[in-house]
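Take a look at the structure set out below.
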Amino acid sequence: MKISDIFNKDRTVFSFEVFPPKRTSPIESVYGKLEEICALKPDFISVTYGAGGSGEKNRTCEIASKIKNDLGVEAVAHLTCVNSTREDIDRNLEQFKDSNINNILALRGDIVEGVEPKKDFVYASDLCAYIKGKGDFDIAGACYPEVHGEAENEVEDVLNLRKKIEAGAEHLISQLFFDNSAFYRFVERTKIAGINVPIEAGIMPVTNKKQIERMVSMCGASLPAKFAKIMQKYDTKPEALRDAGIAYAVEQIVDLIANGVDGIHLYTMNNPYVARKITEAISNLL
Ligand code: FAD
């Protein structure tokens, strides 16, 4: 099924994100967690590509295939282009086709210091247009409620985002955020810019302090005082922090659904416990 068709129903889409294991671990090491996560029956699960470093690239396809073909949940494969040639992308697309994966989150990827980007694709919109020309893929794009770190300002960023839609992206998944009002302001900007595709809100529950600090330094999400208080209070109590993090994420999601969000994309961090707790808390609201 194409993901853009899922949005045509009269309810809030609920999806998850997972990541492949590091090259040093066997691919099967995540299968148990994937089974638990898939048993929660989200609308789809997206699988990151090369996030966090070396060598996991082909594993995106393997994990997406496991999710779709063995565990029966629709899958979206992330694909980055900044360090890829056209031939690299062709190889990936063939692999996806052979594995029955026809939903792709088309990304530029981060520019890594000291690594000269390849020249074939400069922006995610170039990749969207290229994939569009290859036939039968449904394409999603990334968006940034608190503005992408390299963008000159929020207006430029949203105008650039529109190019991604014009190039073929049919829905958007947002960067994580902890302040819903930043998301609502962003949605308003997209409407003014004439962007009318569905936008899923990216929600990451805090499961441990280090992980959140790393994510926040990478993506620049602002931390509301209420959230910072939780981190501070339960700093040394991992289970309390996890439970408070789940409660915070659920509160964010309830507010987003009440305000008519198109979808919720939960960054599960491959944690079935957290995914289950949140699914149980919100499934009657979708
Ligand atoms: P783009 O859309 O190309 O935007 C990058 C910058 O260029 C922005 O500042 C934008 O304003 C600007 N820009 C875009 N088009 C133009 C144009 N035509 N002219 C001028 N400026 C332009 N990274 C991974 O490595 N693997 C993953 O699996 C992964 N998954 C992600 C999932 C989500 C939901 C999100 C939000 C991000 C993910 N990322 C992932 C991170 C992403 O690769 C980085 O944020 C990257 O820096 C930007 O990627 P993009 O696709 O948004 O780029």
Notebook entry, point to check: What's the exposure ranking of Thr268, Thr236, Thr207, going from fewest to most Cβ atoms within 10 Å?
Noted result: Thr236, Thr207, Thr268
Item checked: Positive minus negative residues near Ile195 (Lys, Arg vs Asp, Glu; Cβ under 10 Å) -> +3
Notebook entry, point to check: Out of Ser217, Ile37, Ile230, whose Cα points farthest toward the positive end of the dipole of the range 3-285 (charges: +1 Lys, Arg; -1 Asp, Glu; placed on Cβ)?
Noted result: Ile230
Check: In whole percent, what relative contact order does the range 3-285 give with Cα contacts below 8 Å and a gap of six or more residues?
Finding: 20 percent
Check: What does the charge dipole of the range 3-285 about its Cα centre add up to, to the nearest 20 debye, if the Cβ of each Lys and Arg holds +1 and the Cβ of each Asp and Glu holds -1?
Finding: 520 debye
Note to self: Which of rounded, prolate or oblate describes the range 163-268 when judged by the alpha-carbon gyration tensor and an a/c cut-off of 1.5?
What the structure shows: prolate
Margin query: Classify the range 1-129 from the C-alpha gyration tensor, please: rounded if a/c falls under 1.5, else prolate or oblate depending on whether a/b exceeds b/c.
Written below: oblate
Margin query: Within 10 Å, Cβ to Cβ, of Ile173, how many net charges do the neighbouring residues add up to if Lys/Arg are +1 and Asp/Glu are -1?
Written below: -2
Next item on the list: For the range 79-149 and the range 202-238, write down the distance between their C-alpha centroids in whole Å.
Entry: 29 Å
Next item on the list: List the trypsin sites (Lys or Arg not before Pro) within the range 106-175 that fall in a DSSP loop (any state other than H, G, I, E or B) and whose Cβ has at most 11 other Cβ atoms within 10 Å.
Entry: Lys119
Notebook entry, point to check: Would you list Met204, Met1 from fewest to most Cβ contacts within 10 Å?
Noted result: Met1, Met204
Next item on the list: Assign one of three labels to the range 3-285, namely rounded, prolate or oblate, based on the Cα gyration tensor with a ≥ b ≥ c the square roots of its eigenvalues; rounded applies when a/c is under 1.5, prolate when it is not and a/b is larger than b/c, and oblate otherwise.
Entry: rounded
Next item on the list: Kindly put Glu35, Glu152, Glu200 in sequence by how many other C-beta atoms sit within 10 Å of each C-beta, fewest to most.
Entry: Glu152, Glu35, Glu200
Checklist line | Highest-MSF residue in the chain out of Ala39, Ala182, Ala258 [GNM, Cα springs under 10 Å] | finding: Ala258
Margin query: Please give me, ordered by residue number, the GluC sites (Glu not before Pro) of the range 54-141 that lie in loop per DSSP and have at most 15 other Cβ atoms within 10 Å.
Written below: Glu113
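Any read-out appearing in this document is the output of simple, stated calculations on the displayed coordinates, not a laboratory observation. Since the model is a prediction, treat every value here as computed from it, not as a measurement. Ideal geometry is used to build each Cβ from the backbone, glycine not excepted, and the neighbour counts take in all protein chains shown.
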